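K.L.:
The structure under discussion is supplied below as structure tokens; questions concerning it will follow.
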Amino acid sequence: MAGLIRVVCAAVIKDGRLLLVRKRGTTAFMLPGGKPEPAEAPLAALHREIREELGCGLMAGPELPGTFRDVAANEPDHIVQARIWPARLDGAPVAAAEIAELRWAHANEMAALPLAPLMHGSVLAALVQAGLMPQAAVA
């Protein structure tokens, strides 16, 4: 039986590019965010994770509707379930904590990147459906 990992993520889009992060020792790019602490509210966790990982604050919009669930990119035998908020950052992001690399990717660059399984399907499709990313992101 696979374990379930609940995470909170920010979909940060600036100038038509989506901010992706890659954790140290891994190859898959994903949305910035992380796991809430016990009894921590989801949005509070997202603010904390962004501050720790990117060194800036964020202004979150309404949560994306839908269920975002897939095989975890970096934890074998686990499923990740994400809650995602479109957001803006209040400063320039810098890779910190466990983040090894930041990448701003246009929709037409997504297919060439090693994306986390969750990104391939439901997340990119939801960003397109919400009008945040062009259709090319899921092509």
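K.L.:
Output ³J(HN,Hα) for the range 45-56: one whole-Hz value per residue in order, computed from phi by the Karplus curve 6.51 cos²θ - 1.76 cosθ + 1.60 with θ = phi - 60°, and x for Gly and Pro.
P.N.:
5, 5, 4, 5, 4, 5, 4, 5, 8, 10, x, 8
K.L.:
Taking the Cα centre of the chain as origin and charging only Cβ (+1 Lys, Arg; -1 Asp, Glu), how large is the dipole, in debye to the nearest 20? Write out the running numbers ahead of the final one.
P.N.:
Working: 13 positive and 14 negative charges, 32 e Å.
Using Cβ point charges on Lys, Arg, Asp and Glu, the chain gives about 160 debye.
K.L.:
Give me the accessible area per residue for the chain, probe 1.4 Å, as a whole number in Å². Before the final figure, lay out the partial values.
P.N.:
On the way: 7100 Å² over 139 residues.
So the chain comes to 51 Å² accessible per residue, rounded to a whole number.
K.L.:
Could you give the semi-axes, largest first, of the ellipsoid that matches the chain, computed as the square roots of 5 times the alpha carbon gyration tensor eigenvalues and rounded to whole Å? Intermediate results must be reported in sequence, preceding the final value.
P.N.:
Values: eigenvalues 75, 66, 48 Å².
Values for the chain, descending: 19, 18, 16 Å.
K.L.:
A follow-up question, please. Which FRET efficiency value, to the nearest 0.05, do you get for residue 2 and residue 106 by plugging their Cβ-Cβ distance into 1/(1 + (r/R0)^6) with R0 = 25 Å?
P.N.:
0.15
K.L.:
Further question on the same structure: Given a 1.4 angstrom probe, I'd like the percentage of the accessible area of the chain that is carbon and sulfur, rounded to a whole number.
P.N.:
In the chain, the share of accessible area belonging to carbon and sulfur is 55 percent.
K.L.:
Given H placed 1.01 Å from N in the peptide plane, which residues other than close sequence neighbours of residue 29 have an amide H under 5 Å from its amide H?
P.N.:
Counting only residues 5 or more places away or on other chains, the set is 115, 116.
K.L.:
Further question: Dipole of the range 2-53, Cα-centred, from +1 at each Lys and Arg C-beta and -1 at each Asp and Glu C-beta, to the nearest 20 debye?
P.N.:
200 debye
The values are calculated or read from the model by the stated rules, or taken from the named source; none is laboratory data. All figures in this text were calculated on a predicted structure; none of them were measured in a lab. Neighbour counts are summed over all protein chains in view; Cβ atoms, including those assigned to glycine, are modelled from backbone coordinates with ideal geometry. We work out accessible area using only protein heavy atoms, side chains counted, and drop any ligands, DNA or RNA first. Shrake-Rupley method; radii C 1.70, N 1.55, O 1.52, S 1.80 Å.
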